[in-house]
Amino acid sequence: MPRKDPEATLWIDLETYSETPISRGTFAYAADAEIMLVAWAIDDGPVQVWDLTAGEPMPALLDAMLADRAVDIGAHNAQFDMNVLWLAKNSDRVMRRAGENVERWRCTMAQALSHSLPAKLSALGALLGVSAELLKDDGHALVMQFCKPNRTGGRWTRATHPADWAAFVRYAAQDIVAMRECARKMPGWNWGPKNIALWHLDQRINRRGFAVDLDLATAAIDLCSRANKATSDAVEVLTDGGVTAVTQRDKLVEHLLAEHGVDLPDMRASTLERRIEDPDLPWAARELLALRLSGAKNSVSKYRTVVGAVSSDGRLRGTLQFRGAARTGRDAGRVFQPQNLPRPKAKQEQIDLWIEAAKAGATQVAGFDDIAMASDALRGLIVAGPGKKIVQADFSNIEGRIVAWYAGEQWKLKAFADFDGGVGPDLYNLTYARAFGCDPASVGKSERQKGKVIDLAGGFQGWVGACLTFAQVYRVDVDEATAAKWMGAWREAHPATRAIWPRIEQTAQLAIENPDRVFAVNDKLKMVRRGEWLKIQLPSGRCLSYPNIGRDRDGAITFAGQNQYTRKWQRVQTYGGKLFENIVQATAADLLWAATERAEAAGHPVVLRVHDELLTEVPDTDDYNVAGLVEIMTDSPAWAAGLPVAAAGFECKRYRKE
């Protein structure tokens, strides 16, 4: 646990040089980094800048503060500064020890993300009303000049460009003042000792990383590069030289329309797959769509990312961003983006065969589509280290369970409990049966998929659009009229869930209109407006935070948030169903964090959290098994009383999708 009463806070900001691009991740960058400037201040004291390039010794006071374990160290994006101090080529013993001691660090970026605020310091300060003078972004050009090689492969230094260097030093000092001001203005309800301890655990998990199969990565890069070249050559032939690469999206769209009369609304995989199945599509157009579908996969880039970012011990680190998902507090992915791996289409046996063939250089003999298989095999890059195995467990339909728990949908809560006890039907079979008035035992595979689609689409006030979206994902054919019928049937079967959406919205409106008064949605959820913030308190004690809360001229609830499409911060409109989605996903995140803490305490080191699953890397003995991890995951915290939780998993040497 973090210290409650530190002697002081040492604010710190590093400016570094590395020939390794930061895009390869903090750990690869830090191992190759040279610290040039250390901007620092104690509490609210004056900012000083230690210029290591001038050959000056470390200031005695800075040395003492770094060495004193009773002093907290604050930084914005502390994962960077902490690990650079720990790993940089020119760190001394005191700096390395300070960087190694995770528990001493505090991160204003993690604090911001914990309250649904921007991660970038300039955007955070602007939203919090920090002086514009402190947020000038003119330092970016200086960073580009001094922190990386120039276009000729050389390097700008204090000796080659003294005037620019002086400006660079001033810029470094400015960031300390800005981050301190942001820390003062940010709320702290999600940044107490408990949440800081979770961030520390997150940092230890990121440092632990996971082992990767570099032989697979290099083989996949070679195979996919050759396959992409062949694909582009085929496209060039089919278009008579009009399109020379499968990645030339706009040219391909123009050619398909001009030469074959095929007008595509977009080039998403689901769109291409549907059009390929059209029996009236000209042969050449079908071939072009198939080539695009295969060649546009980004598998090669992910394999290259791994090769570039892996540490010297063969482990990939820094792939999780604490509270990185807007508003809910779920993890976001970094570097390898483990939260964004494609769902395999091939069976696992085929994927395993391709991996062995790829490493042996024999995929062509076996007749594999290398690009498609490389995409399916991405999870297989994650392997157990020597003498270890991966034990994985995944919460079962956790969002559906949480929806029923909050809404008080009693028949469904009982159904989950019955299914977990082995005496009830599959929930998607039951959902279909209740929606369409049939016996769950008569529901076949295709009907179950429909039950899954409407259940996933319905919980958060989704209607036809949501149904069509999930139908695409799960390859269920449905038109708008049928989707409306399905969703209407789902709502009739879920009266309590249907009732909670307006209740949440009405409670939020009451809280907005009556500051500092607490309003309850039910016995599990409370809302209050504090100043410009709407807080929704979850059963875990954590609060969902909506900054600059208000209502537009039509009465709709709005707040300051990031547009999920443009990634820009602006006024965002919300409603009962969307707030409920935030609540449910946040609760799932809290359950996973509670399971993570229990797993660590029980000696099951977590190496990755992906959506609702934990990956642990444990000794390859019978003492560590799936049953043990499932027991850990389903031993729910007291605040989740009455929520039926189930999990399942597997053991492996190579990660896969079950």
Subject >> Alpha-carbon Rg with Dmax, taken over the chain, Å >> reply: 26.9, 81
Subject >> Structure-based [θ]222 nm, the chain - -39500 (n - 2.57) summed over DSSP H runs of at least 4, per residue, nearest 500 >> reply: -14500 deg cm²/dmol
**OP:** Pop a pseudo-label 7 angstrom from the Cα along the beta-carbon direction at both Lys657 and Cys438 and give the gap in nm to one decimal.
**Re:** 2.7
Subject >> For the stretch 358-404, the Rg and Dmax computed from alpha carbons only, in angstrom >> reply: 17.3, 51
Subject >> Percent carbon-and-sulfur accessible area, the stretch 17-121, ignoring ligands, DNA and RNA, probe 1.4 Å >> reply: 51
**OP:** Please calculate how many Å² of accessible area the chain carries per residue, with a 1.4 Å probe and no DNA, RNA or ligand atoms counted.
**Re:** 44
Subject >> Net +/- balance of residues flanking Val47 in space, Cβ distance below 13 Å, scoring K and R +1, D and E -1 >> reply: -3
Original post:
List the trypsin sites (Lys or Arg not before Pro) in the stretch 486-534 that DSSP assigns to loop (not H, G, I, E or B) and whose Cβ has at most 13 other Cβ atoms within 10 Å. Which are they?
Top reply: Arg517
**OP:** Identify the chymotrypsin sites (Phe, Trp or Tyr not before Pro) of the stretch 486-591 meeting these criteria: DSSP loop state and at most 12 other C-beta atoms within 10 Å of the C-beta.
**Re:** Tyr565
Original post:
Restricting attention to the alpha-carbon atoms of the stretch 514-656, what are Rg (one decimal) and Dmax (integer), both in Å?
Top reply: 19.3, 63
Original post:
So which of Lys302/Lys359; Lys412/Lys524; Lys302/Lys345; Lys524/Lys657 end up more than 23 Å apart, counting from Cα to Cα?
Top reply: Lys524/Lys657
Original post:
Quick one: net charge of Pro162's neighbours, Cβ under 15 Å, K/R +1, D/E -1?
Top reply: +1
Subject >> Across Lys194/Lys578; Lys148/Lys185; Lys414/Lys450; Lys185/Lys568, pairs whose alpha-carbon gap is larger than 29 Å >> reply: Lys148/Lys185
Original post:
In Å and whole numbers, how far do the C-alpha atoms of the stretch 212-357 stretch along each principal axis, longest first?
Top reply: 51, 41, 29
Subject >> Those residues of the stretch 11-53 whose amide nitrogen sits under 19 Å from the label point placed on Thr152, 7 Å along Cα→Cβ >> reply: 19
Subject >> the stretch 333-456, Cα convex hull volume normalised per residue, Å³ >> reply: 181
Original post:
trypsin sites (Lys or Arg not before Pro) within the stretch 562-596: which are DSSP loop residues with at most 14 other Cβ atoms inside 10 Å?
Top reply: Arg567, Lys568
**OP:** Could you tell me what percent of the accessible area of the stretch 285-424 is made up of carbon and sulfur, with a 1.4 Å probe and every protein chain present?
**Re:** 50
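The values are calculated or read from the model by the stated rules, or taken from the named source; none is laboratory data. Just so it is clear, the structure is predicted and the values come from calculations on it, not from any experiment. All Cβ positions, even for glycine, are placed from backbone atoms using ideal geometry, and neighbour counts span all protein chains on display. Surface accessibility is based on the protein's heavy atoms, side chains included, excluding ligands, DNA and RNA. Shrake-Rupley method; radii C 1.70, N 1.55, O 1.52, S 1.80 Å.
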